[in-house]
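This report concerns only the one structure given below.
The values are calculated or read from the model by the stated rules, or taken from the named source; none is laboratory data. Every value quoted in this text rests on a predicted model; they were computed, and no experiment measured them. Using ideal geometry, Cβ is built from the backbone for each residue, glycine included, and neighbour counts are taken over all protein chains shown.
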Amino acid sequence: MRLRNVLVAGAIAAGSVAGFAQVTGSGSTNTVPKFTGSSTIGPSAISEVNGNVGIGTTNPGASRLQVSGGNVAVDSDPTPNPLPGDSSETNATRYFQWSRASDGWTPARIGQTYGITYGGNLVFDLNSGGSPTSLFTAMTILQNGNVGIGMVNPVMPLDIKPDANSNWISLNDGSGHVLGSFGRSGNGLIIGTWSGGASNLILNPTGNVGIGTTSPATKLDVNGSVKISGSGASMTFPDNTVQSTAWNGTTCGGDYAESIDVTGDRKSYGPGDVLVVDPKVAGKFLKSSEPYATTVMGIYSTQPGLTGRRVGAQKTGEEVPMAMLGIVPTKVSTENGPIKPGDLLVTSSTPGYAMKATDRSRMVGALIGKALDYLDSGTGLIEVGIALQ
């Protein structure tokens, strides 16, 4: 028995065993060997270092499994489901997928899109039900950097496919509470909270904005109340006038004025000036310059409550407000005697000033109004109740 063991040991030492072929070859440190021929062994692409396995690398580092230089396919499907709009699948196995061995259903897979149209782009696919034919593209990252959610061909840096039934995209806080939604009405964008079709804001392709309505007919169409708040809040109108306080039936001044054109330099006129019709230029006005002028028309208003403008009269920027009704500060002179409340007033010889009327034969058509204050001497500015006669 001992002699037999010696003979076997000698045969193994000689490199052969009766009835067995001799196996030869060499390997690399940490590399799992493989048969490179029927009786030769050589290194493989698999390595093992301290319990970590590498494929395509001899240094798997700290990873339990590290794959380098190739694609990974788990339960690769030789005839995978086509993506929507893509009938060819020339790169069909270039993906990583998870599947159930029991029925072959693929719940999820990550890989490149298939065929010429979408070749080389990264997709994340999910089967939407229990059938492998019901493929849903969860996310696509194109080579140009566009990211699509729910679509295979995003045309924008971030392209999200809305819900097929409601045309809405919603944001929520993770606990089922909707923070806001984006939807579509025709080609318009709706921003609001999805609740049976309710909308807070809509932007139409025409540039119209609707709040509380899905069919804005003007640049801003609000279905409901409007509030302006905040320090200095106001509205600016096409003529560049600004309104910061709504009209409540009380005007900011005590007279009605007409916006009129004056002859000469507008800057030579000022509030309180008595104005008369310019007999040489139709539609224009001058400062009064003679006593008892029957061409008197009104007073340059200091702060008109309301200002009108003749229909068809073009605005030039040289207009002044001429008070024609109400109470207005007026320039007056005592050249015809001291003035007291109730005195009738007419034009004076001082340009732009009124004076007390004493000649009743000349008052018809020349009266400006009635004084509401005193002026004992010289010139001054007093309030006058306009009563043109």
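Residue check: K219 meets all listed conditions (1) surrounded by fewer than 10 Cβ atoms within 10 Å (Cβ to Cβ); (2) at pLDDT 80 or above but one, namely (1).
Based on this model, can you work out whether S234 counts as more than 22 Å from G352 (Cβ to Cβ), touching a Gly at 6+ places or on another chain (Cβ under 9 Å) and outside the structural domain of T350 (by TED's automatic domain parsing)?
No; evaluated as a whole, the condition is false for this residue.
Looking only at region 343-385, residues that are within 22 Å of V262 (Cα to Cα), in contact with a Gly (Cβ under 8 Å, 6 or more places away or on another chain) and surrounded by fewer than 21 Cβ atoms within 10 Å (Cβ to Cβ) come to 1 in all.
Would you confirm, using the coordinates I've provided, whether D261 is out of contact with any strand residue (DSSP E or B) (no Cβ under 8 Å at 6 or more places or on another chain) and acidic (D, E)?
Working: out of contact with any strand residue (DSSP E or B) (no Cβ under 8 Å at 6 or more places or on another chain): no; acidic (D, E): yes.
Answer is no for this residue.
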